[in-house]
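The structure appears below as structure tokens.
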Amino acid sequence: MPTAPLSAPPEQIAVRSRPARRLDIQGLRAVAVLAVLFFHIGGWCGGGYIGVDVFFVISGYVIAMAYLEKFTRAPRLSTAIDFFQRRVLRLAPALFVMVLVTLVLADAILPPTENKFLAFLAGLSAVMQKSNLYFAYMGTNYWLDDLSRNPFLHTWSLGVEWQFYALFPLPFLIAALIRRPLTAPSGLAILVLVLAASLWLFLTSDATRAFYGPLSRFWQFALGILAFLATRRKGTGRDDSPLSLVLLAGIMVLALLPPTLLLPAAGSVLASFLAAGLLYVAPSDRSLTGRMLTNSAFQSVGSASYSIYLTHWPVAVLGRLLLAEGVIYDVMLVVLSLTTGFLLSWSVEYRLMHAARPGRAVLACLAVVALAYVGERRRSTIPSLPWYANPPLVAHVDGYHNYWWTEIDGARNEFRHAAQFAAGELFRRSVPGTDVQEAVAAHSDGARWIVGIGNSYIQSAGTLLRRYALEHDANLALYHIANCSPDNEARCTRSFDHVLQSLAGRKDQITLVYIAFRGLEDPQGIAGRLVSRLLARLDHPGAQVVIQGPSPAYRYDPHACLSLVAPCASTQSLPVDIAALEAAERNLERLFPSRSGLTTWAPYRDLCTDGMCLVREQGASLFMDTDHFSMAGQHYLYPHFLQHLTRQDHTHVVR
């Protein structure tokens, strides 16, 4: 192995010449992308999300292997420009093609709900390499929310990658600017500090910030860089011991584990350290691990892993709307994902990576990013774009169009004094130690409050309650309580206690409490017991409590019939088991008998006749999925909700 030239400053970070290409890394990429693929399609890898964590560690290792020596010897702006040029040519063209094709297909396939608009914005964010910040801004919880409607969700990891690339050259450039070369001890100290601080953020931040935030993800790249430095220090020897097989087997076991057996954060940490260990060990081509990772199949998948990752999620989201459920259809989606991935890799990724005129190609990519920025800034005009199928769903009705959520920290009284409340924005935070996501919208300077409490069903009633609050000069507080299952009863009870504590601070101010939980009619269910406990302790004179009763739950996704290219696109209604809905309503009324101040409202009665229930009206989808209302659905139900309220006696105390 050649040594560094004598002219290199001896006090700088010692990095030997770039090593020969390691084929085992390409094989590890294949393992990572297949884990993600089988996690998203078919659910065959219950822990396959760890594939992204492995990708982050590999990125840190490979970037250090390719550029650490260059930045150490020539920490100049020209080196940084070359670094970014190569990254742009390597990653941007394939991403742009995927976004463009997906937008065109999404226009034809996605149902006419607000998700089509949100997918468009997510696509623009992906082009600008900041979709992770977009999803964090929207409060998208990767583990709790229904994420199967946005074909660009997977691009969050590309945003994290680019934010790492933006910061990687900075220590070298700053050191060169102040004319103090980055020494080995100082560079190592910075790296360890970044790893420790970022890992701490990852483990202590709320789920949304920890998952999407670049600062809480940089530790994985730092871990890859440390693995590279450790590999260089030990020399060029490759390992023939069984250790590499143990490390690889550990990654595969984590990918196969059911998600209920291991917390996502724990799985990410374990997978990251196992991947770093495997990169450090560097299995030889003669070892069993080396032979597995360097076989032709793994090498082919690894070479196209980036493009496969780009295409697999749009294929899964859009394909699922056109195909039925079942193993055979999952296999079809896997094959289609691999095929489109290989095609994108061959036709775009590797061809443009070695463009004859790289400067022009980079300028073209930057122009695309600029256009995406302009489009995002002018998002208020998006409904007029010809590709968008149903503009009124974005404008909603009567001006209720503000859908942007922002997350801020602090007490509830800080929410009320936020300047943005003048526009009626909805602010949201995760409550530490609970599974509560609290959202507050101050539509009024008055003291009246509308309160919504529930699981995912309260999210699909948010637009209805916001409209009611706006029209009745009231503020709105929504409490989304997730993960209420028998094996999580203690934490769920703490979540309900937090809600009660919050409501106690607004005594004499609450005029309406709306409760919406799935399975509330089950007398053995935890939700029913805790709601009964909440109602027993609720003491708000004059407040009306409305419990959402049964709503239609379709046997298959109604969007498969609402897509423009689906065979049943003209279907306005679908059959449901009305007898089951009526039985559930009777059970609910036995558990929570109507009395002064407490009533049950069953939306299915306003949607269903003669065993058929509406799934769309005037071209708009009334459902987000099999059983959650879209914004259009909530606006459709709103007059019926008002009729229900006006039929009730609101003058009595709820105790």
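The values are calculated or read from the model by the stated rules, or taken from the named source; none is laboratory data. Since this is a predicted model, take the numbers as computed values, not measurements. Quick reminder, even Gly has a Cβ in these numbers, built from the backbone with ideal geometry, and neighbours come from all protein chains shown. For the accessible areas, the whole protein counts, side chains as well, though only heavy atoms, and no ligand, DNA or RNA atoms are used. Shrake-Rupley method; radii C 1.70, N 1.55, O 1.52, S 1.80 Å.
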* Asked: Pairs, please: C-beta under 6 Å, at least 6 apart or cross-chain, first residue touching a residue at least 12 places away in the same chain (Cβ under 8 Å) and in segment 526-549, second open to solvent by 50 Å² or more (accessible area, probe 1.4 Å) and of a type in the set (A, V, I, L, M)?
  -> GLY528/LEU591; PRO541/VAL653
* Asked: If you take the residues in segment 127-140 that are among the small types (Gly, Ala, Ser) and in a helix (DSSP H, G or I), which one is least open to solvent (accessible area, probe 1.4 Å)?
  -> SER131
* Output yes when any residue across segment 32-40 is farther than 29 Å from GLY326 by Cα and either of a type in the set (Gly, Ala, Ser) or modelled with pLDDT of 95 or more (or both), and no when none is. => no
* **Candidates ALA265, ALA276, ALA222, filtered to the one that is in contact with a helix residue (DSSP H, G or I) (Cβ under 7 Å, 6 or more places away or on another chain) and surrounded by fewer than 20 Cβ atoms within 10 Å (Cβ to Cβ)** => ALA265
* Mind listing whichever residues of segment 504-530 are closer than 20 Å to SER456 by Cα and assigned to a helix (DSSP H, G or I)? => ILE526, ALA527, GLY528, ARG529, LEU530
* Asked: How many residues, within segment 337-353, are without any contact (Cβ under 8 Å) to a residue 60 or more places away in the chain and open to solvent by 60 Å² or more (accessible area, probe 1.4 Å)?
  -> 6
* Asked: Here are some residues: SER621, SER630, SER596. Which one is loosely packed, with under 14 Cβ neighbours inside 10 Å and of a type in the set (Ser, Thr, Tyr)?
  -> SER596
* Restricting the search to segment 146-179, which residues are touching a Pro at 6+ places or on another chain (Cβ under 6 Å) and modelled with pLDDT of 90 or more? -> PRO151, VAL160, GLN163
* Asked: Based on what the data block shows, is VAL160 closer than 17 Å to SER272 by Cβ, out of contact with any helix residue (DSSP H, G or I) (no Cβ under 8 Å at 6 or more places or on another chain) and not small (Gly, Ala, Ser)?
  -> no
* Asked: Just to be sure, is LEU124 of a type in the set (A, V, I, L, M), crowded, with 23+ Cβ neighbours inside 10 Å, in contact with a helix residue (DSSP H, G or I) (Cβ under 6 Å, 6 or more places away or on another chain) and within 22 Å of ALA166 (Cα to Cα)?
  -> yes
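Among the listed residues SER205, SER198, SER244, SER216, which satisfies the condition of being without any contact (Cβ under 8 Å) to a residue 24 or more places away in the chain and buried (at least 20 other Cβ atoms within 10 Å of the Cβ)?
Criteria check complete, one pass: SER216.
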* **Filtered residues of segment 112-141 (kept if modelled with pLDDT under 80 and closer than 28 Å to GLU617 by Cα)** => PRO112, THR113, GLU114, ASN115, LYS116, PHE117, LEU118, MET138, THR140
* To do: Spot the failing condition for GLU582; the list is (1) within 35 Å of the chain's Cα centre (by Cα); (2) at pLDDT 85 or above, and only one is missed.
  => (1)
* Asked: When both residues are 6+ apart or on different chains and their Cβ atoms are under 8 Å apart, which pairs have a first residue that lies in segment 61-82 and is within 30 Å of LEU274 (Cβ to Cβ), and a second that is of a type in the set (Ser, Thr, Tyr) and not in a helix (DSSP H, G or I)?
  -> GLU69/SER17
* Output the number of the condition that TYR306 fails; it satisfies all remaining conditions of (1) touching a helix residue (DSSP H, G or I) at 6+ places or on another chain (Cβ under 6 Å); (2) surrounded by 17 or more Cβ atoms within 10 Å (Cβ to Cβ). => (1)
* Structure fact -> For segment 583-593, the count of residues that are within 19 Å of ASP606 (Cα to Cα) and open to solvent by 70 Å² or more (accessible area, probe 1.4 Å) equals 2
* To do: Assess whether SER205 counts as being of a type in the set (S, T, N, Q) and under 22 Å from ALA30 (Cβ atoms).
  => no
* Lone unmet requirement of (1) touching a Leu at 6+ places or on another chain (Cβ under 7 Å); (2) open to solvent by less than 10 Å² (accessible area, probe 1.4 Å); (3) within 30 Å of VAL99 (Cβ to Cβ) for GLN299 -> (2)
* **Hey, PRO171 in contact with a Leu (Cβ under 9 Å, 6 or more places away or on another chain), under 17 Å from LEU68 (Cβ atoms), assigned to a helix (DSSP H, G or I) and not aliphatic (A, V, I, L, M) or not** => yes
* Asked: In segment 489-530, which residues are in contact with a strand residue (DSSP E or B) (Cβ under 6 Å, 6 or more places away or on another chain) and hydrophobic (A, V, I, L, M, F, W, C)?
  -> VAL499, ILE510, LEU512, VAL513, ILE515, ALA516, PHE517
* To do: Please find, among PHE96, PHE55, PHE84, the residue that is in contact with a Pro (Cβ under 9 Å, 6 or more places away or on another chain), open to solvent by 20 Å² or more (accessible area, probe 1.4 Å) and either modelled with pLDDT of 90 or more or of a type in the set (Lys, Arg) (or both).
  => PHE84
* Identity of the residue in segment 344-366, under 27 Å from the mean Cα position of the chain (by Cα) and aliphatic (A, V, I, L, M), that ends up farthest from PHE83 (Cα to Cα) -> LEU344
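The rows are residues; the columns are (1) free of Cβ contacts under 8 Å to residues at least 40 places away in the same chain; (2) out of contact with any strand residue (DSSP E or B) (no Cβ under 9 Å at 6 or more places or on another chain); (3) not in a helix (DSSP H, G or I).
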residue: ARG90; (1), (2), (3): no, yes, no
residue: THR102; (1), (2), (3): no, yes, no
residue: LEU105; (1), (2), (3): no, yes, no
residue: ALA119; (1), (2), (3): yes, yes, no
residue: PRO151; (1), (2), (3): no, yes, yes
residue: ALA166; (1), (2), (3): yes, yes, no
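Within 18 Å of ARG533 (Cβ to Cβ) and open to solvent by 10 Å² or more (accessible area, probe 1.4 Å), is that true of SER456?
no
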* At least 1 residues that are farther than 21 Å from PHE164 by Cβ, aliphatic (A, V, I, L, M) and under 29 Å from the mean Cα position of the chain (by Cα) in each: list the helices (runs of 4 or more DSSP H) lying fully within segment 218-336 that qualify. => 243-256, 264-281, 296-303, 305-322
* Asked: Quick one: PRO2 ticks every box in (1) in a loop (DSSP other than H, G, I, E, B); (2) at pLDDT 90 or above bar one, so which box is it?
  -> (2)
